[in-house]
Amino acid sequence: MPESPFQLTDEQRRIVQFAGSSLVVAGGAGSGKTTALAARYGWLVAEAGVEPEAILALSDSGAAAERLRSLVEERISRGFAELPISTVSDFAARLLREEMAQSGLDPFVATLSGADRLAMLIERVDDLDLREHDFAGRPIKLLASLIAQIDAQKAMLISADQCAQRAEAADGAGAALGREFAALYASHEAMLAEQGALDQGDLIFGALSLLERPDVRQRFSARYSQLLVDDAQRLSHAELTLVLAVAAQLGQVTAAADGDCAPASELSGGASNLTAIAAQHNGQRIDLTRSLRCGAQIVLAGEAVLEQRLSPPLRGEPGGTVRGWRCSGERAQAQAIAGEIEQLIQAGSEAESIAVVVSSLQSEGRAIAAALDERAVPHQLGASEQLFSRGEVKDVLAWLRLLTNPADASATVRALARAPIELRAVDLARCVQIARRRKLDMVSALHSATESPQIPPEARERIVAFLKLQRQAAAAIDELRPDRFVHRLIDRLGLRRQQLFAAQADVVEGLRCLARFEALAGRFAERAAQSSGREFAEYVVAVADAGLRESDASAGAEQLPRAKVAVVEAGSTRGLSFDHVFVAGMERQRSVDDEQRELSYLAITRAAESVTLSYSERGQRGEQQLPSQLAEAALAAAGAQWEERGEELFGPDEALHGAFNELRDELLGDLPRVAGTFAELRLDNDLDLTLGVVRYLELAKLAAVIGRPAEQDVESALAQANAVLLQSATAVQREALESSPLDELILSAEDDARARSAATARRGEPSLEAFLPRRGEGLVLSASDIETYRACPLRYKFARVFRIPQEPTMNQRFGILFHQVLERYHQSDGRSVDELLALLEEGWRRGGFGDSDQERQLHAKAEHALRLYQQRTANEESRPVWFEKSFQFKLGEHTLRGRVDRVDLLPGGGYELIDYKTGKPRTAAELEEDIQLSLYAVAAREAWQVDSELQSYHYVLDDEKIPLPAAEIDRDWISEVVNEVANAISSQGFEPTPSVTACGYCDFRIACPAAEL
Ligand code: SF4
């Protein structure tokens, strides 16, 4: 194995010094393809006398092009103007610029990103005819997916006209959808033309047509003489066509591809791209057969997950460790990985040489990050392009949202809860209560709150400060350019200042993220010269809501940061290399596709020294899970066995480190707030200061216990620290110290998140007890309350304790209307479909539904569903007897209440409980842990003294009825769940449990700190 990047293997040397015209290089992960290409670039300059600017080097992504550029720059010792190393579309843009006169382009033409085009479609959504495409209640998501489809067409070199011709020729199912898409594609192109703009796909179309002109080709050949292509397997059909056109012109091409990690996809030809390049000039091929990165065992494991090989097997140097961990749960998995990483770092590994590859950043990634936090291991969750999920950026977004839509209660709640306002949770709950009771938007409710006797003076001051800021920002948003407005808003909110007080490790990242957000506003202002802050706000909020990333809105995502363990998804690791890789979440899927194989291969082969594959034996709801087929194959190939990893109780020091970090961050983060109170002449200024000083004393106590001599136990170290602190503290500080739950945490020294959050919770936060749904000693709960809490306790707090008002979405209003139509139909003893449809029309009009594409689509769905419903009920032998029947009963000290949509009397005399659903059907397996129908069955017995034989969900839009097996009805289980949830709510346990499923549909993401990275 070569020891320096300048040392080459024999195979690489043959590539570098290749004297023919066309060469293709195939090799697996870590075989040194990019290094060989960079060395060839250097050799062509140094030995073959080619000008550096005459070697065109192309890759599929900005990150890959940058990696190649930095390797090339290391190898060129002479000066140069600019190396033409870029992505294929950047090269196309450059060619269009260089040949501006021939391309006929407007010199000021703008290239719009995916996000810009989304904003363009949102603005003109009323002009689009979308009846066939399913909005599924999320129009922005639909538009974003249509833009992705247009990009896919362009990547296949299919123009809008060709798309329309194909759609016209098609028939059968989906033809109407195809025609509608073709019309949208044409409208999209017309809108771009109106704005004098292009998108990325147009750049390639434009470059290809330029290269058809003899004069352009002549100038092109005079400018460039060599073409190098890296990662050719990832080029789309359009990119490959342009590469082939350039190669045909220059005649000198060297292309490299990973033949193993290259399944063909809708967008890229995979390994066949290499064959196309080789065929063009009858090129030679060199296979790189040694992995220069991975030890032999890792190579074997990586290759075992591939279905078919397109190049000869790779050989690795002897060594490399492959392990498999069967973890008892997701937490055990996170702990095992974090513990191992801590040991690696203690043994001398650099944090940046370690990566944890997760299948989802939101769920698994977050669990790993929490475990790393507890051990104070520096890490970053996700690549830095997750800008819109960063806490400080979400603070700015929340303000932009509330300024453009004062009815956005979630955004206002976030702005109130965060610096510089920091309204206490209990006062927030009071303000939300005022908004709800008086039916006001949050900003108007805050005006009323300043006069309400319920709001204490200190909270009133904070609300006044919020309203002042809101007034100033609302006045400036239409006056200032986007970049100036955002800059000023960040300054007024003091976000940069707060960063300076934050924990050291986060400072740079936080400041960089704010700078990137400002840069985004700057680029928006450049593109739309006359725009104001409001237009940028609407644009960026739509981009963030559509789930697009900053890289969709701007050029060039950033690289992973240094000096931190990377917790990333496999797709973000392309081209990267680590010493140690942990691949978490290798649970079995129903089937394995090419993409999963590619991602597993990618993840495993990032490791030089060790790779650990792990899976959790139990899912989030306790269900049994098996290891993935790919992990089994990888372990078998490397001769490794599964090792058991259970949930470890933390040792005292790990829990203490975690608490120390949280307290330290809170203390530093609180500094600007406490300092800010000095100028306010408030009566309780000294309280804030005292609590801050006590926090410092607690930190000192924790530091003393953590740093105790090896022979001393925790208890005596704590007693010693307390003796010193209590002696030197003032009477008030002593009182605060003595009432702190920190000592309890230190002594129990177990890793209980709730214990730690109690110990580190901000002092002086009053209880939310008054806002809990109490009745007597117990709580009042519905099935949906229980489900909300079980999905995420914090969501429950936002929805049921704060009761943050949410404007019902169109789909929610539709669901309510559908229920009403069915209820009225049965109550009036309706029999015919005409009666049902007449009720729909009546409800539609009264419900304020309009005539947009989305509404017309819902209307058509409703009509269809009602016809099916009528047919089904006409044929059923059972007889509906009750509709919207309510219940209330006691389970222990708690009151359960709710309403059953329909109860049928079965022919045999029993009853069936039916709940209508207007969402997508869930399978019986997915309903295993479902509580709603089981609770209804218990309710029927307790409240109506009726034993139900059957309980079913009726998915009315799909006319599907899913019965819940009677065996699932278990009163003890229901009572256990109810007690568990009620106790947790009573003790105000509202820790978030983020997951892709829960957060994906959560209305409170902007207010939620856990949805941040
Ligand atoms: S965004 Fe996710 S973690 Fe946050 S409240 Fe919603 S569901 Fe819970």
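So for region 373-384 (the condition being at negative phi and in a helix (DSSP H, G or I)), does at least one residue qualify?
yes
Kindly indicate whether GLU1012 is within 30 Å of the chain's Cα centre (by Cα), within 16 Å of the ligand (Cβ to nearest atom) and modelled with pLDDT under 90.
Answer is yes for this residue.
Could you look through region 166-192, keep only residues that are of a type in the set (A, V, I, L, M) and within 30 Å of ALA110 (Cβ to Cβ), and pick out the one that is surrounded by the fewest Cβ atoms within 10 Å (Cβ to Cβ)?
ALA190
Being more than 41 Å from the chain's Cα centre (by Cα) and either modelled with pLDDT under 90 or under 25 Å from LEU599 (Cβ atoms) (or both): is that true of GLY30 here?
no
Output the number of the condition that GLY778 fails; it satisfies all remaining conditions of (1) within 19 Å of ALA865 (Cα to Cα); (2) touching a strand residue (DSSP E or B) at 6+ places or on another chain (Cβ under 7 Å).
It is condition (1) that GLY778 fails.
Considering GLU750, GLU715, GLU744, which residue is at pLDDT below 80, in a helix (DSSP H, G or I) and surrounded by fewer than 16 Cβ atoms within 10 Å (Cβ to Cβ)?
Of GLU750, GLU715, GLU744, the one residue that is at pLDDT below 80, in a helix (DSSP H, G or I) and surrounded by fewer than 16 Cβ atoms within 10 Å (Cβ to Cβ) is GLU744.
Of all residues being of a type in the set (Lys, Arg) and under 27 Å from LEU495 (Cβ atoms) in region 661-705, which is modelled with the highest pLDDT? Just the residue, please.
Top of the filtered list is ARG695.
I'd like to know if region 976-993 contains one or more residues that are at pLDDT below 85, assigned to a loop (DSSP other than H, G, I, E, B) and either away from the ligand (no atom under 16 Å from the Cβ) or among the polar types (S, T, N, Q) (or both).
Looking for residues that are at pLDDT below 85, assigned to a loop (DSSP other than H, G, I, E, B) and either away from the ligand (no atom under 16 Å from the Cβ) or among the polar types (S, T, N, Q) (or both), one finds at least one in region 976-993, hence yes.
Go through region 561-615 and give me each residue that's in contact with a His (Cβ under 6 Å, 6 or more places away or on another chain) and either at pLDDT below 85 or basic (Lys, Arg) (or both).
Answer for region 561-615, where residues must be in contact with a His (Cβ under 6 Å, 6 or more places away or on another chain) and either at pLDDT below 85 or basic (Lys, Arg) (or both): just LYS564.
Only one of (1) more than 16 Å from the ligand (Cβ to nearest atom); (2) surrounded by fewer than 21 Cβ atoms within 10 Å (Cβ to Cβ) is not met by ARG902, so which one is it?
All conditions are met except number (2).
Is region 928-937 home to any residue that is within 31 Å of the chain's Cα centre (by Cα), within 16 Å of the ligand (Cβ to nearest atom) and not charged (D, E, K, R)?
No: zero hits.
Could you tell me whether region 294-315 includes any residue that is buried (at least 20 other Cβ atoms within 10 Å of the Cβ) and in a strand (DSSP E or B)?
yes
So ALA355 ticks every box in (1) closer than 27 Å to CYS294 by Cα; (2) in a helix (DSSP H, G or I) but one. Which box is left unticked?
Of the numbered conditions (1) closer than 27 Å to CYS294 by Cα; (2) in a helix (DSSP H, G or I), the odd one out for ALA355 is (2).
Among the residues of region 383-398, are any closer than 30 Å to LEU467 by Cβ, polar (S, T, N, Q) and either touching a residue at least 60 places away in the same chain (Cβ under 8 Å) or buried (at least 20 other Cβ atoms within 10 Å of the Cβ) (or both)?
For region 383-398, residues closer than 30 Å to LEU467 by Cβ, polar (S, T, N, Q) and either touching a residue at least 60 places away in the same chain (Cβ under 8 Å) or buried (at least 20 other Cβ atoms within 10 Å of the Cβ) (or both): present.
Across region 834-891, what is the number of residues that are of a type outside the set (Asp, Glu) and at positive phi?
Qualifying residue count for the region: 1.
What number of residues in region 326-367 are within 16 Å of the ligand (Cβ to nearest atom) and not basic (Lys, Arg)?
Within region 326-367, residues that are within 16 Å of the ligand (Cβ to nearest atom) and not basic (Lys, Arg) number 8.
Does ARG708 fit the bill of being at pLDDT below 75, in a loop (DSSP other than H, G, I, E, B) and in contact with a helix residue (DSSP H, G or I) (Cβ under 9 Å, 6 or more places away or on another chain)?
So ARG708 fails the test.
Conditions: (1) within 16 Å of the ligand (Cβ to nearest atom); (2) of a type in the set (D, E, K, R); (3) modelled with pLDDT under 85. ARG1005 meets all but one. Number of the miss?
Failing condition for ARG1005: (3).
Need the failing condition index for ASP947 against (1) of a type in the set (D, E, K, R); (2) more than 35 Å from the chain's Cα centre (by Cα); (3) within 16 Å of the ligand (Cβ to nearest atom), just the number.
ASP947 satisfies all of (1) of a type in the set (D, E, K, R); (2) more than 35 Å from the chain's Cα centre (by Cα); (3) within 16 Å of the ligand (Cβ to nearest atom) except (3).
Output the residues belonging to region 128-165 that are more than 28 Å from the chain's Cα centre (by Cα) and either modelled with pLDDT under 90 or loosely packed, with under 14 Cβ neighbours inside 10 Å (or both).
The answer is LEU128, ASP129, ARG131, GLU132, ASP161, GLN165.
Restricting to region 846-873, count the residues that are surrounded by fewer than 19 Cβ atoms within 10 Å (Cβ to Cβ) and in a helix (DSSP H, G or I).
Summing the residues that are surrounded by fewer than 19 Cβ atoms within 10 Å (Cβ to Cβ) and in a helix (DSSP H, G or I) in region 846-873 gives 13.
Please go through region 825-842 and pick out each residue that is more than 14 Å from THR873 (Cβ to Cβ) and of a type in the set (Asp, Glu).
Listed by number, the residues that qualify are ASP834, GLU841, GLU842.
Could you grab me the full set of residues in region 207-253 that are in a helix (DSSP H, G or I), surrounded by 20 or more Cβ atoms within 10 Å (Cβ to Cβ) and among the charged types (D, E, K, R)?
ARG234, GLU239
Which one of the conditions (1) out of contact with any Pro (no Cβ under 7 Å at 6 or more places or on another chain); (2) modelled with pLDDT of 90 or more; (3) not in a strand (DSSP E or B) does ASP958 fail to meet, given that it meets all the rest?
(1)
Conditions (1) buried (at least 21 other Cβ atoms within 10 Å of the Cβ); (2) touching a helix residue (DSSP H, G or I) at 6+ places or on another chain (Cβ under 9 Å), marked per residue:
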| position | (1), (2) |
| --- | --- |
| HIS580 | yes, yes |
| ALA584 | yes, yes |
| GLU595 | no, no |
| SER600 | yes, yes |
| ALA608 | yes, yes |
| VAL611 | yes, yes |
| TYR615 | yes, yes |
| GLY619 | no, yes |
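Please work out which one of (1) within 30 Å of SER852 (Cα to Cα); (2) in contact with a helix residue (DSSP H, G or I) (Cβ under 6 Å, 6 or more places away or on another chain); (3) surrounded by 19 or more Cβ atoms within 10 Å (Cβ to Cβ) is the condition VAL72 fails and give its number.
Checking VAL72 against (1) within 30 Å of SER852 (Cα to Cα); (2) in contact with a helix residue (DSSP H, G or I) (Cβ under 6 Å, 6 or more places away or on another chain); (3) surrounded by 19 or more Cβ atoms within 10 Å (Cβ to Cβ), the one that fails is (1).
Could you count how many residues in region 86-127 are modelled with pLDDT of 85 or more, part of a loop (DSSP other than H, G, I, E, B) and among the hydrophobic types (A, V, I, L, M, F, W, C)?
Residues flagged as modelled with pLDDT of 85 or more, part of a loop (DSSP other than H, G, I, E, B) and among the hydrophobic types (A, V, I, L, M, F, W, C) within region 86-127 amount to 1.
Just one of ALA998, ALA940 is on the phi < 0 side of the Ramachandran plot, away from the ligand (no atom under 16 Å from the Cβ) and surrounded by 19 or more Cβ atoms within 10 Å (Cβ to Cβ); which is it?
That would be ALA940, the only listed residue that is on the phi < 0 side of the Ramachandran plot, away from the ligand (no atom under 16 Å from the Cβ) and surrounded by 19 or more Cβ atoms within 10 Å (Cβ to Cβ).
The values are calculated or read from the model by the stated rules, or taken from the named source; none is laboratory data. What you see is a predicted model; the values in this text were computed from it and never measured. Positions of Cβ are backbone-derived with ideal geometry, glycine not excepted, and every protein chain shown enters the neighbour counts.
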